[in-house]
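Reading through the structure tokens given below for one structure.
Every number in this text was worked out from the coordinates using simple rules, so none of it is lab data. Since this is a predicted model, take the numbers as computed values, not measurements. Note: ideal-geometry Cβ built from the backbone for every residue, glycine included; neighbour counts use all protein chains shown.
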Amino acid sequence: MNDECRKRESEMLSWASIVPSFIIHHSYAMLIHTESISRTYRMGTGEIRALRSVSVDIEKGEYVAITGPSGAGKSTLMHILGCLERPSEGTYQLDGRDVSGMTDDELSSVRSRQIGFVFQPYNLVHQLTVLENVMLAPFFARDHSRGTKQRCLQMIEMVGLRERAVHRPAELSGGEVQRAAIARALANDPLLLLADEPTGNLDTETGDGIMQIFENLHNAGRTIIMVTHDPKIADRARRRIRLVDGSLTMNDER
């Protein structure tokens, strides 16, 4: 990373501490409750059990890292918690509602209104500006209320991209693109923020800046669940859940 990029990342980090008051969720009530959830995939004539009877409770405002070796079931668990998949067995309650038996349309509504996703590949639309990418979240949630654009601009400012709002992804650094993805994930003020290896494509210095944003969001009361294979990243969370061969082997609250 050259000196100019480092300067820009440093300036963005100073802005990342700005957290709008409307995103604070300091209730500490139960948000996630899973009871013996399992996930089985059929492969030809055989079956693969990706998750095996996982029971876990996560309260609002917690910052949790899901860890484990490759193939342990981390992404499968995150997909279920994010309502991208249903468990094959067991029940999953999100904010007091049983979502494990919902229809595809119902799950889509829950995802768009209550869950924000941050993925390693960023998944921004290259033809759109940062602001337009962030505004996709309320658009797909059918939120056309007044103030939507201003809310999205606040999210962009919060992650340190106020000067880059009209730039397209190709004009941004890797850290800036990931910051834009975080702003988009927050645009609908979700109950739950899910991050899958959010620093996996970034160098150490830029990754530290991204992790500082998650720290700030947690301190503001956000519920964050992060999938990572990096123990240093997992140590930044307040609690660790470890999976091995689809089974829960550690549920550590620190």
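Structure values in brief
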{"item": "Nearest 10 degrees, 0 to 90: helix 148-158 Cα axis against the chain principal axis", "result": "80 degrees"}
{"item": "Antiparallel DSSP beta bridges within region 78-232, as percent of all bridges there, nearest 5", "result": "20 percent"}
{"item": "Gaussian network model of the chain, Cα within-10 Å springs - most flexible of Asn188, Asn123, Asn219", "result": "Asn123"}
{"item": "Top of Gly207, Gly101, Gly68 by mean-square fluctuation, Gaussian network on the chain, Cα under 10 Å", "result": "Gly101"}
{"item": "Helix-only CD estimate at 222 nm, as mean residue ellipticity for the chain, using -39500 (n - 2.57) per DSSP H run (n ≥ 4)", "result": "-10500 deg cm²/dmol"}
{"item": "Amide proton proximity set for Met30, modelled H, under 5 Å, gap of 5+", "result": "Lys60"}
{"item": "Using a Förster distance of 35 Å, the FRET efficiency for Glu205-Glu132 (Cβ separation, nearest 0.05)", "result": "0.80"}
{"item": "DSSP beta bridge pairing in region 160-254, given as percent antiparallel to the nearest 5", "result": "60 percent"}
{"item": "Calculated from backbone phi, Karplus (6.51, -1.76, 1.60) coupling profile of region 166-172 in Hz, x at Gly/Pro", "result": "9, 8, 8, x, 5, 9, 10"}
{"item": "Sites Thr249 and Ile48, calculated FRET efficiency, Cβ-Cβ separation with R0 22 Å, nearest 0.05", "result": "0.70"}
{"item": "Net charge dipole size for the chain [Lys, Arg +1 and Asp, Glu -1 on Cβ; Debye, nearest 20]", "result": "280 debye"}
{"item": "Environment charge at Leu51 (Cβ cut-off 12 Å; Lys +1, Arg +1, Asp -1, Glu -1)", "result": "+2"}
{"item": "Net +/- balance of residues flanking Arg86 in space, Cβ distance below 12 Å, scoring K and R +1, D and E -1", "result": "-4"}
{"item": "Most mobile listed residue (Val99, Val118, Val159) in the chain, GNM with C-alpha springs under 10 Å", "result": "Val99"}
